Structure formats: C-alpha cells, structure tokens
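See structure below.
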Amino acid sequence: MTEFLAAYGLFLLKTLTVVIAIVAVIGAAAAAGRKATSDETLEVENLNDRFRSLATALKRAVLDKQQFKIDAKAIKKKLKQTTKSSAKRPRTFVIDFKGDLKATAVPSLREEVSAVLEVAEADDEVIVRLENYGGVVHEHGLAASQLVRLRDRKIALTVVVDKVAASGGYLMACVADRIVAAPFAILGSIGVIAQLPNFNRMLDTHGVDFEQITAGDYKRNVTMFGKNTDDDRARLKEQLEDVHTLFKSAVARYRPDLDLAKVSTGEHWYGARALELGLADELCTSDELLAARVAERDLYSVSYKIKKPLQKRLIASVDSALEKLDSARWRRGFESRLPR
C-alpha cells in the first residue's frame with residue numbers, strides 16, 4: 001500500500017507540473033489574444049481556372065514553343081467565344097467536409113450552405129466532397145440537417161466519397177440525391193455504439209469509494225467508476241436501440257429502396273459492394289466527377305474559413321489530438337481487415 005501511495009503521489013506531482021505548464025501557456029496566449037478578433041471569410045475559387053492552369057503548366061513543359069503557342073491561341077479563342085455566348089452556363093458549387101468525432105466543421109458548413117442558397121438557381125448543383133468516420137450523434141445530425149436545407153430547396157445535391165462515409169458520415173451522405181463513391185471507399189456502418197472503461201474493481205481494491213448522486217431515475221446509468229448493474233446496461237441498450245431506430249428512419253426517408261434489414265447491421269462495405277447494396281449510386285472519384293463537368297459547367301469551390309484566436313486554437317489542438325487517437329483506433333479496425 002505504501003508503494004502504491006508513493007507511486008500515486010509521484011504521478012500526481014508529474015500531472016500537476018504538466019497542468020501548470022499548460023495553464024501558463026494558455027494564460028499567456030489568452031493575454032496576447034485579447035486584442036485579436038475572430039477572422040471569418042468566405043473563399044471562392046474558380047475550379048475551371050485551376051484545371052486550365054494545371055493543364056497549361058504541363059503543356060508548357062511537354063510541348064515545343066510553336067505547339068504551345070498554337071494550343072494557347074486555340075484555348076484563348078474558345079474562352080472568348082464562351083464569354084460572348086448569350087447562353088448562361090449552369091454552375092456547380094463544391095463544398096468540402098472533413099469530419100471528426102464532434103463534427104467540428106459544422107459551423108463552416110452552415111455558412112457555406114447559406115451562401116450557396118442565396119445565389120443558386122434551378123439548374124445549379126452542389127457537390128459535397130465528404131470524408132467522415134462518424135462520431136457524436138447530435139453533432140452529425142446537425143451536419144446532415146445542413147445538407148437537408150439544400151435538398152428542401154430543390155438544389156441538386158451529390159455527395160462524393162473518396163475515402164469513407166461511415167456511421168454519422170453516412171447519415172450525412174444519405175441526404176444527397178446521388179451518392180458517388182470511389183471503388184474502395186468505405187460506406188455504411190449504420191449502427192450505434194457506446195463504450196467506456198470501468199475502474200470500479202480497481203478503486204475498490206485500493207479502498208477508494210466512488211459516490212454519485214442524481215435526481216431522476218435515469219439521469220445516469222452506466223458509469224466509469226461506480227458499479228454497473230444489469231438494469232443500467234439494459235437501460236443504455238434501450239437508449240442505443242432508440243437512436244438506431246432514428247438513424248434507420250433517416251436513411252429510409254432519403255433512400256427508400258434500400259433493404260434496411262440488410263444494411264443497418266452496423267457493418268461497412270467498400271465501394272463496389274456498397275453499389276450493389278444500394279448504398280451508393282455510382283463508382284467514381286471526385287476528380288473524375290469534377291473533370292467531367294468542366295466543359296459544360298462553371299465550377300466554384302466554396303469554403304468558409306474561421307480563424308480562431310490563439311488560445312482557442314491551442315485548446316482545440318489538444319482536443320483534436322485526443323479525438324485523433326480515437327479515430328486512429330477506428331481506422332485501424334478497418335485496416336486490419338485489408339488483405340496483406
């Protein structure tokens with residue numbers, strides 16, 4: 001017991017030192033950042049120009065000077081004709097959403113969607129390049145609701161998944177009129193999970209009591225430090241089943257032809273198999289999808305940037321590091337299934 005107390009005291013001392021150092025850094029940052037204000041701006045990039053710029057750079061390297069001049073003149077003539085044309089080209093607005101456990105990109109997404117809704121017309125469309133492993137239910141529900149705003153306004157919405165749209169990520173993807181996935185993208189995981197360690201036996205072994213006082217029969221069920229009962233576990237299971245039912249209802253609303261009993265088991269599938277099951281509508285990467293539209297449409301990348309003060313960025317970076325640890329474990333679960 002003496003050795004345990006000594007080790008525990010040393011651990012507390014180290015922890016306290018680290019905490020004091022972090023507080024000192026954050027305090028200094030807060031003092032420096034009091035004068036700074038959040039800088040928010042909407043950035044719009046013409047993707048047609050980007051494609052042309054890339055092509056021009058390559059042609060400049062591989063063509064001789066005469067060929068390059070001829071090609072450049074032809075492109076300039078074509079652009080001039082397009083500019084003079086009275087026919088208005090339809091537009092494609094491209095939004096990127098890279099998710100994390102708490103869907104922290106939602107504030108940017110809501111502003112991007114609001115901006116698009118102000119200018120989009122009937123023949124315009126929105127493409128969302130989505131990468132999302134899922135996470136907290138209500139946060140991802142809000143993210144999906146932002147995409148519902150586009151659908152409710154009858155703006156054609158395509159979600160393209162190059163890597164993964166699983167769990168809360170698929171909750172977002174299913175809202176789209178069309179889901180496009182790369183051949184090895186991961187889709188599905190229509191399920192709900194809750195997991196946590198329990199230290200009750202360890203505390204009990206060392207004579208440490210844990211007390212929890214609540215008002216309301218179901219204010220808290222399973223706990224990390226108290227003793228969990230079968231009733232606690234049953235109540236949590238009931239709550240998870242309720243969320244799962246809501247999840248399935250949302251998927252069924254937007255993709256009514258899915259065999260829900262088959263795809264709502266919590267499993268995930270790769271692009272080709274997801275296409276067979278109806279979780280996706282087409283196999284294609286985002287690069288192919290955009291390249292196919294350049295000739296006929298004007299493409300614009302829409303990104304709302306929120307620059308936070310230094311102290312908030314420091315706090316967010318710590319929080320992000322913890323989330324990345326959990327996401328890394330999630331990804332390793334998928335990667336362990338890959339053939340070697």
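No value in this document is a laboratory result; all are computed from the given coordinates. Computed from a predicted structure; not experimentally measured. When we count neighbours, we look across all protein chains shown, and the Cβ atoms used for this are built from the backbone with ideal geometry, even at glycine.
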Under the Karplus relation with 6.51, -1.76 and 1.60 and θ = phi - 60°, whole-Hz ³J(HN,Hα) for segment 219-226, x at Gly and Pro, equal 4, 8, 10, 6, 9, 6, 10, x
Within segment 174-277, DSSP-loop trypsin sites (Lys or Arg not before Pro) with at most 11 other C-beta atoms within 10 Å are Lys219
In nm, the gap between the two label points placed 7 Å beyond Cα toward Cβ at Leu196 and Glu45 is 4.2 nm
In units of 2.2 N^0.38 Å, the Cα radius of gyration of segment 193-264 is 1.58
A correct Karplus calculation of ³J(HN,Hα) over segment 68-74, with 6.51 cos²θ - 1.76 cosθ + 1.60, θ = phi - 60°, whole Hz and x for Gly and Pro, returns 5, 5, 5, 5, 5, 5, 5
GluC sites (Glu not before Pro) in segment 246-283 lying in a DSSP loop, each with at most 15 other Cβ atoms within 10 Å of its Cβ, come to Glu267
Where a ≥ b ≥ c are root eigenvalues of the Cα gyration tensor, a/c under 1.5 meaning rounded, otherwise prolate if a/b exceeds b/c and oblate otherwise, segment 114-238 counts as prolate
The number of Lys pairs in segment 193-264 whose alpha carbons lie under 25 Å apart, excluding pairs fewer than 8 residues apart on one chain, is 6
For Leu299, other-chain or 5+-apart residues with amide H closer than 5 Å (H placed, Pro excluded) are Leu47, Asn48, Thr92
Here D for segment 170-306, in µm²/s, from Stokes-Einstein with a Kirkwood Rh over Cα pairs at 10 °C and 1.306 mPa s, works out to 84 µm²/s
The ³J(HN,Hα) series, computed from each phi in segment 104-113 with the Karplus coefficients 6.51, -1.76 and 1.60 at θ = phi - 60°, rounded to the nearest Hz and given as x for glycine or proline, is 5, 7, 4, x, 5, 4, 5, 6, 5, 5
Amide H proximity to His268 below 5 Å, modelled H, separation 5+ or other chain, gives Ser189
Among GluC sites (Glu not before Pro) in segment 184-258, those in a DSSP loop whose Cβ has at most 16 other Cβ atoms within 10 Å are Glu211
Listed by chain and number, the lysines with an alpha carbon less than 24 angstrom from that of Lys305, same-chain partners under 8 positions apart left out, are Lys35, Lys98, Lys102, Lys163, Lys324
Under the 7 Å Cα-to-Cβ spin-label approximation, Arg153 and Arg235 lie apart by a distance in nanometres of 4.3 nm
On the formula 1/(1 + (r/R0)^6), with r taken between the Cβ atoms of Ala122 and Lys80 and R0 of 41 Å, the FRET efficiency rounded to 0.05 is 0.90
Residues whose modelled amide H sits under 5 Å from the amide H of Glu40, counting only those 5 or more places away in sequence or on another chain, are Lys307
Filtered hits (aspartates and glutamates, Cα-Cα < 12 Å from Lys307, offset >= 8 within chain) -> Asp39, Glu40
